[in-house]
1. From the phi of every residue in the stretch 145-162, what ³J(HN,Hα) in whole Hz does the Karplus formula 6.51 cos²θ - 1.76 cosθ + 1.60 yield, where θ is phi - 60° and glycine or proline is x?
2. Please report, in debye to the nearest 20, how large the charge dipole of the chain is about its Cα centre when each Lys and Arg carries +1 at its beta carbon and each Asp and Glu carries -1 there.
3. What does the highest-first list of 80-88, 21-29, 121-129 look like by mean Cβ count within 10 Å?
4. At 0.36 nm per residue, minus the direct Cα-Cα distance, what do residue 72 and residue 196 gain on full extension? Give it in nm, one decimal, please.
5. Can you order the peptides 103-111, 51-59 by their average number of other Cβ atoms within 10 Å per residue, highest first?
6. For the chain, what class follows from the C-alpha gyration tensor (a ≥ b ≥ c being the square roots of its eigenvalues): rounded when a/c is under 1.5, otherwise prolate if a/b is larger than b/c, else oblate?
7. If I take R0 = 25 Å and measure r between the Cβ atoms of residue 157 and residue 110 in this structure, what FRET efficiency does the formula 1/(1 + (r/R0)^6) give, to the nearest 0.05?
8. When a/c is below 1.5 the answer is rounded, else prolate if a/b is larger than b/c, else oblate, so apply that to the stretch 160-235 with a ≥ b ≥ c taken from the square roots of the Cα gyration tensor eigenvalues.
Amino acid sequence: MDGLVDLWGQLSARNEPLPAITAWLTIAAAAVLVLVPAAWRVTRHVITIAHEGGHAVVATVSGRRLGGIRLHSDTSGLTVSSGRPRGPGMVLTLLAGYTAPALLGLGAARMLSLGYDIGLLWLSLAALALLLVQIRNWFGLWSVLVTAGLVFGITWFGTPPVQSIFALLITAFLLLGAVRTVVELQRSRSRSRGTASDADQLARLTHIPGVVWVAVFFTATIACAGFAGRFLGLLA
């Protein structure tokens, strides 16, 4: 019982806001992780985890049967679900992938604006644990475990300032990374026709051009970044 009380105390504890210079430096570090190719080849796996997790959650909520998630070393992923091949459930499931990292970043920004930095880290661990049971390949298992291990290490051993910096780093990375993956999606589509991307699958389901769906993804990710900036007091 005492352990549960202590855990609830950590979840509900509020951290002091980071100094403005520290916050901006943390956001700059997140931008480096997204914009520097050598870093992005490694950190993009986190965006893939969020992307496939988005597919999985919405598939389940919309009544589809989740078959599992595979994460690959080239940063691609696959979420398998069964159910009606057409209809709102399938459309929403496909919409969820590219928007999931941005929406998670927006939710995280809201939690940080309220001071729940440690609570955000514990919730991230819980989400990774739920995702872990749906992983169906060894690389995916390794990828999620490494990510969870890093979050757990900061959550359990980090000081409050370190936890706050790491929580903001994750938040900014999700928001910026979400935008970059949409840009990469369109670049990939422009090089090849008839791809199996989420945008092209949506185009086949709805008869709305894939480029329109890419625009929807891009608008959603930019909007999330803008609202997150306001939550964090970084934008007027």
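The values are calculated or read from the model by the stated rules, or taken from the named source; none is laboratory data. Since this is a predicted model, take the numbers as computed values, not measurements. A quick note on method: Cβ atoms are made from the backbone with ideal geometry, for glycine too, and the neighbour counts reach across all protein chains shown. Accessible surface areas use protein heavy atoms only, side chains included; no ligands, DNA or RNA. Shrake-Rupley method; radii C 1.70, N 1.55, O 1.52, S 1.80 Å.
1. 5, 5, 4, 5, x, 5, 5, 5, x, 5, 5, 7, 9, x, 6, x, x, 5
2. 960 debye
3. Result, highest mean Cβ count within 10 Å first: 121-129, 21-29, 80-88.
4. Gain on stretching residue 72 to residue 196: 43.0 nm.
5. Sorting 103-111, 51-59 by mean packing, highest first, produces 51-59, 103-111.
6. prolate
7. Calculated transfer efficiency: 0.45.
8. prolate
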